[in-house]
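Below is one structure, written out as structure tokens; the observations come after it.
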Amino acid sequence: MSDAAPPDRKDQHLDVVLAGRGRHARDAGFDRVHFVHEALPDLDHDKIDLGADFLGRRLKAPLLISAMTGGPSRAEAINARLAEAAQHLGVALAVGSQRAAIEGRASGGLDRTLRRRAPDTVILSNIGAAQLTRGFGLDEARRAMDMIDADALVVHLNPLQEACQPEGDRDWWGVGAALEALILKLDAPVVVKETGAGLSGRTARRLIDMDAAAVDVAGAGGTNWALVEGERASDPFDQAHAAVFADWGAPTAQALVDVRRACPEAVIIGSGGVRDGVDAAKAIRLGADVVGQAAGVLAAAATSTEAVVAHFQQMVRQLRTVCFCTDSANLAALRRAPLRPFD
């Protein structure tokens, strides 16, 4: 997401999401996916292995905490809680856009204190693809990683949000070429993600062929950034423009199937409307290696580290129970678990 004026835009985003507005009109598609129940599992529930390999590291559970933060003061507290929780849980953490921090306007806790709070965590830094033709390049990408001692860089794609944002960056000519050049030159893994409208199999294939280390489908079903921008717009023309995109994009479940089919060898993150551990299990079954959640944990992150930990512990327990009731001793087995026909 672009971080130019007005300075309170990030807080406006946070307020809209916490108020339950800006939700996608289309669900993520997980309610149409059903596992075949195994009534006689030959497993010890507590010994099911939920570990997952991600960017050369081993996670205790296949989860990525995706940051969605507000203005500087709120962002600092939220980032600290998410980092502490990720360290405790043994899962990965992706921060929100670092453009403001790179430009020296506000760090929002995005500095080396984040790494000190999470010394063993896989941390992903974040810049916007649209900025790659607006002065951001290799140096800025390295600064984004260095300022939080990140393991990888996320480049987010948000054309719908930029088109609906009154002050958005709408000229994307050359962004693809600039992204490919960055991936080739940066001596670190680059993950490319959408922001709630989903990746198509065709686009994912293009990104993997650019040597992206992973892609995040970030499908429709969770936060709809067109609607969020419509909520904060003061001009009725902007509000009306955003409103018609209420159901735009590929539902996460469908995006996962399409991207896995197009990119069988790729590392795929499944995010967008993931509500709980059952949705996470379905995302893994449909093609995700790791499952991301942002808005679903935001209320907990606005409260305390303990609330974030409890939230994800519940998700992990739910995921483990799905494995138990599908006779899946690990995530590899879960990916082969039989499904009932789609509704």
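The values are calculated or read from the model by the stated rules, or taken from the named source; none is laboratory data. Because the structure is a prediction, the values reported are computed rather than measured. So basically every Cβ, Gly included, is an ideal-geometry build from the backbone, and we count neighbours across all protein chains shown. The protein model used for the area step is the full one, side chains on, heavy atoms only, and it has no ligands, DNA or RNA in it. Shrake-Rupley method; radii C 1.70, N 1.55, O 1.52, S 1.80 Å.
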**Report entry** Segment R143-D276, length gained on full extension (0.36 nm per residue, minus Cα span)
**Finding:** 44.5 nm
Query raised in the report: Shape of the range 102-225 from its Cα gyration tensor (a ≥ b ≥ c, root eigenvalues): rounded if a/c is under 1.5, otherwise prolate when a/b > b/c, or oblate?
Result: rounded
Report summary line: For the chain, the accessible surface attributable to carbon and sulfur atoms (probe 1.4 angstrom, ligands and nucleic acids excluded) amounts in percent to 51 percent
Report task. Please give the length that would be gained between A243 and R202 if that part of the chain were fully extended, namely 0.36 nm times their separation in residues minus their C-alpha to C-alpha distance (nm, one decimal). Result -> 12.1 nm
Report summary line: In the neighbourhood of S304 defined by beta carbon distances under 13 Å, the net charge of the other residues (Lys, Arg +1; Asp, Glu -1) is -1
Report summary line: Output ordering of 122-130, 316-324, 30-38 (per-residue mean of other Cβ within 10 Å, highest first) is 122-130, 316-324, 30-38
Query - Local net charge near G201, Cβ-Cβ under 9 Å (Lys/Arg +1, Asp/Glu -1) - result: +3
**Report entry** Over the range 215-343, relative contact order from alpha-carbon pairs under 8 Å, at least 6 apart, %
**Finding:** 23 percent
Query - Length gained when the stretch R336-W173 is fully extended (0.36 nm per residue, less Cα-Cα span) - result: 54.5 nm
Query raised in the report: Between D42 and R134, how many nm apart are label points set 7 Å from Cα along the C-beta direction?
Result: 5.8 nm
Report summary line: Unit-weight point scatterers at every alpha-carbon of the range 212-343, Debye formula, q = 0.14, 0.15 1/Å: log10 I(q)/I(0) is -0.73, -0.82
Report summary line: Distance in nm between D111 and A181 label points, each 7 Å along Cα→Cβ, equals 3.2 nm
Report summary line: Between the modelled labels at R58 and T321 (7 Å from Cα along Cα→Cβ) the distance in nm is 2.8 nm
Query raised in the report: Normalised by the number of residues in the chain, what is the relative contact order in percent for Cα pairs under 8 Å and 6+ residues apart?
Result: 25 percent
Report task. Alpha carbons only, please: Rg and Dmax for the chain, in angstrom. Result -> 18.9, 60
